[in-house]
Amino acid sequence: MIPDEVPAEVVAEVEALRTQIAHHNRLYHEQDAPEIPDADYDDLVRQLNELEALHPSLVTSDSPTQTVGGAPSVAFAPVEHRTPMMSLDNAMDRAELEAWGVRLERRLTDLEGDDRPPVSFVCELKIDGVAISITYEDGRLVRAATRGDGRVGEDVTANVATLAEVPERIEAPDAATVPDLFEVRGEVYMPVAVFDDLNERQEAAGLRRYVNPRNTAAGSLRQKDASITATRGLALWCYQLGAVEGGPSFGAHSESLRFIESLGLPVNPEITVVTGLDEVLDYCLRWQEHRHALDYEIDGVVVKVDDLARREALGFTSKAPRWAIAYKFPPEERTTRLRDIEVSIGRTGKATPFAILEPVFVGGSTVGMATLHNQIQVEAKDVRPGDTVIVRKAGDVIPEVVGPVLAERPDDLARWEFPSHCPRCGGLLTRLEGEGHHFCTNLDCPAQRTGRIAHFASRGAMDIEGLGEQRVQLFVELGLLDDIGDLYTLDFDRILELEGFGQTSVDNLRSAIDVSRERPLANLLVGLNIRHLGPTGARLLATELGHLDAIEAATVETMAAIDGIGPTIAESVHEFFASERNQAVVAKLREAGLNLEGPERPDVPATLDGLTIVVTGTLDGYTRDEAEEAITGRGGKSPGSVSKKTDAVVVGEGPGASKLTKATDLGVPILDQAGFEHLLATGEIRPTEGAG
Ligand code: IVH
């Protein structure tokens, strides 16, 4: 065979990748302080893997593709593992998981013949923590070790002994079944709530925030002084039985997990045995969607062949078992270049800095912009245009810039300064005493005008279809609109002349604006853009005072006397109507014939007095607002989230996963549509059968 001729630039690239990976390995495994997100690291390893696959002559036994972890620290005594702690191969998407499954099925057919029984898989959550090996002898904890380089780990026995969930002594119901010696492997992690608490304390003490639960768990576990570990609230999930001397033997992994549990060690309750790849996929996709409903971080699912004899037959590659795979969720953190920081002006004049990013695929979508909130945040994060930054997009949360990768910051990169003037109108931006935000104080600023009018037209206010921010901005720039009052005398002939507007779209816009005249008073109040007044307050004012005239004329005291309207809202509403400028706008609306009447006072008995009912999903015959009104109109409360104080959760079509999970966790009764109607009629909570 002709020897593999590897081009010099490929050799150089392989070298460069190995150096980079070794550097990140040290930071991650030895210093618990990675610079880049896991997904970026995985990408480097992937590139190296691909080059090595193309050019096998370049593979060396010390290549990071052939080894695991980092060198054990000299600060802890070395512990040689009885059997190596291996890592897992990754499947980065559904196709890779399926390819693994197909290979596995084929291998098993080769080994066992065509009529072999189907494969049972154990699906486990991939806990994002630190791998640990714990050994018990004669029922006593004798050793705990980190993974280290897979062969030799660090002795962290004293640290692990401080974990509340790790028994010093095994107290199994049937002492005879406790092996003379056994080793369990698992993941030490920091629950998200503990992490958040810790960070609150750090912040209160003026100290730096910890970056994420995984690194904090690793740092907390590897403390020289174990009494510090004891304060960190670390927890454990065991996922594997290692060496065993004496005691029972097992034919399946799932049996050994049940055994670990019977010894009083924690095993994750979400572990499931399934048959066939379709069920594996279901499990993976379900947890990908619900990963944030858990109180600990997971970064994927580990799929393992259940049958131990089959595992034996399948064996290992140099680095990982063939009988298991880690299905990794799409990354929620990636690095990218921060091109610039700009400032946007909202409807209240609030100036919000935001990051312009080199587009990056993260958290399931491509992100090109991310808010930076205000000057305090930009300063705290110290991100500068030109930096490589970590971008995070988790679940439904809006994308955020976590911070810079300092190691990649070019020399002399200037700090970003908050602009002194409004980018839209050139007016001065001012930051009031005690406020985190800058404001453009020029009420005539076109950005503010646009924001106010677009808010008026938005779904939660007057719901004018076809009048989005872009059109409003255009009309403001052309001088067709100065304020919301002008909407009802809009010059449609001029609009018809504009590019992109045909007769149909102008007619549609005209009728959408016409229809909005009839919207409920509460929507109009929301649309007026009165500081502190949200939909709930607007509804209360509309119902209790009955007419815009009455609201306009009301004193602060009258409004503050309404249950649910605090002095801040009352004062803000009063101040709004006292302004001549606002009076002029309201006069135009009155002239245009808008509905200024509040709703009929509902004459319903207060059957839900003292009850807190949360609504999630869509119910037949009720909008979300109407369902909530039906509750508040009967004296109940209807907040947006589930807590210990919630008396029941009403679940319609397409409910929010987190509300449902939380309700189930807290044991809050769950009502379906029928249960809801019954509740409204009688005030009685009659849970849906089979739920809650
Ligand atoms: S099994 C040989 N199961 O993920 C099989 N690992 O690279 C060893 N992990 O080092 C691992 N949750 O630290 C397994 N349910 C789980 C896991 C899990 C998290 C970690 C573990 C391992 C890494 C895989």
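Computed FRET efficiency, Cβ-Cβ of GLU469 and ASP603, R0 45 Å: what is it to the nearest 0.05? The pair GLU469/ASP603 has a calculated efficiency of 0.65. Here the Karplus relation 6.51 cos²θ - 1.76 cosθ + 1.60, evaluated at θ = phi - 60°, turns the backbone of region 366-376 into coupling constants of 8, 10, x, 9, 8, 6, 10, 6, 6, 4, 4 Hz, with x for every Gly and Pro.
Each residue was assigned an accessible area with a 1.4 Å probe, and for ILE390 the value is about 20 Å². DSSP bridge analysis restricted to the chain gives an antiparallel fraction near 85%, rounded to the nearest 5. Cysteines in the chain that lack a partner Cβ within the 4.7 Å cut-off: CYS123, CYS238, CYS284.
Only lysine pairs 8 or more places apart or on separate chains count here, and in the chain those with Cα atoms under 28 Å apart total 26. Taken over region 179-275, the convex hull of the Cα atoms encloses 129 Å³ per residue. Measuring how big region 388-428 is from its alpha-carbon positions, Rg and Dmax come out at 15.1, 38 Å. Checking every one of the GluC sites (Glu not before Pro) in region 3-36 against DSSP loop status and a limit of 13 other Cβ atoms within 10 Å picks out GLU5.
Full extension of the segment from GLU653 to GLU80, taken as 0.36 nm per residue of separation minus the current Cα-Cα distance, would add 200.8 nm. Rounded to the nearest 20 debye, what is the charge dipole size of region 132-241 about its Cα centre when +1 sits on each Lys and Arg Cβ and -1 on each Asp and Glu Cβ? Here region 132-241 has a charge dipole of around 500 debye.
Computed on region 214-370, the Cα convex hull volume stands at 232 Å³ per residue. Against the criterion of solvent-accessible heavy-atom surface with a 1.4 angstrom probe, THR19, THR371 sort, most first, into THR19, THR371.
Label sites at HIS547 and GLN66, each approximated as a point 7 angstrom past Cα along Cα to Cβ, lie 8.9 nm apart. What number, in percent, do you get for the relative contact order of region 264-409 if the mean sequence gap of Cα pairs under 8 Å and at least 6 apart is divided by its residue count? Relative contact order comes out at 17 percent. Taking the centroid of alpha carbons for each part, region 501-549 and region 440-492 are 13 Å apart.
Summing +1 for each Lys or Arg and -1 for each Asp or Glu among the other residues whose beta-carbon sits under 13 angstrom from that of ALA243 gives -2. For VAL391, the residues whose amide H sits under 5 Å from its own are ARG334, THR335, THR336, VAL402, ignoring neighbours fewer than 5 places away on the same chain, with H placed 1.01 Å from N.
For SER458, the residues 5 or more places off, or on other chains, whose built amide H falls under 5 Å of its own are ASP463, ILE464. Subtracting the Cα-Cα distance of GLU5 and THR558 from 0.36 nm times their residue separation leaves 190.3 nm of extension gain. Share of pairwise Cα-Cα distances greater than 19 Å in region 562-648 is 60 percent (whole percent).
Over all pairs of different C-alpha atoms in region 113-184, the reciprocal of the mean inverse distance, the Kirkwood hydrodynamic radius, equals 14.8 Å. Among the protein heavy atoms, those of PHE418 account for about 30 Å² of accessible surface (1.4 Å probe, every chain in place).
Taking all protein chains as they are arranged and a probe of 1.4 Å, the heavy atoms of PHE361 leave approximately 120 Å² accessible to solvent. Using every Cα-Cα pair within the chain, state what percent have a distance larger than 48 Å. Distances greater than 48 Å cover 33 percent of the Cα pairs. Of ARG392, ARG209, ARG232, ARG624, the residue with the largest accessible area leads and the full order is ARG209, ARG624, ARG392, ARG232 (1.4 Å probe). Simple rule: put +1 on each Lys or Arg Cβ and -1 on each Asp or Glu Cβ in region 538-614, find the dipole, and look at ALA538, LEU594, VAL614; the Cα lying farthest toward the positive end is LEU594. In plain terms, the chain from ASP43 to ALA243 could stretch by 68.6 nm, reckoned as 0.36 nm per residue minus the Cα-Cα distance. Protein heavy-atom accessible surface, 1.4 Å probe, per residue over the chain: 49 Å².
Solvent-accessible surface of protein heavy atoms, probed at 1.4 angstrom with all chains present, puts HIS574, HIS437 in the order HIS574, HIS437, largest first. Within the accessible area of the chain, the carbon and sulfur atoms contribute 49%, probe 1.4 Å, all protein chains present. Within region 629-692, the trypsin sites (Lys or Arg not before Pro) that combine a DSSP coil assignment with at most 15 other C-beta atoms in a 10 angstrom radius are LYS644, LYS645. Residues with beta-carbon under 12 Å from that of GLU628, excluding GLU628: net charge, scoring Lys, Arg +1 and Asp, Glu -1? After counting each charged neighbour, the total is +1.
Rounded to the nearest 0.05, what FRET efficiency do ARG106 and ALA407 have when you use their Cβ-Cβ distance and R0 = 45 Å? Calculated transfer efficiency: 0.55. Extents of region 5-100, largest first, come to 44, 35, 29 Å (Cα atoms, principal axes, whole angstrom).
Treating r as the C-beta distance of ALA95 and GLU518 and R0 as 51 Å, the FRET efficiency rounds to 0.45.
The GluC sites (Glu not before Pro) of region 426-531 that DSSP puts in a loop, and whose beta carbon has at most 14 other beta carbons within 10 Å, are GLU433, GLU435, GLU465, GLU499.
The values are calculated or read from the model by the stated rules, or taken from the named source; none is laboratory data. Only a predicted model underlies this, so the values are computations on that prediction, with no experimental measurement involved. No Cβ is skipped: glycine too gets one built from the backbone with ideal geometry, and neighbour counts run over all protein chains shown. Note: accessible area is taken over every heavy atom of the protein model, side chains too, but ligands, DNA and RNA are not part of it. Shrake-Rupley method; radii C 1.70, N 1.55, O 1.52, S 1.80 Å.
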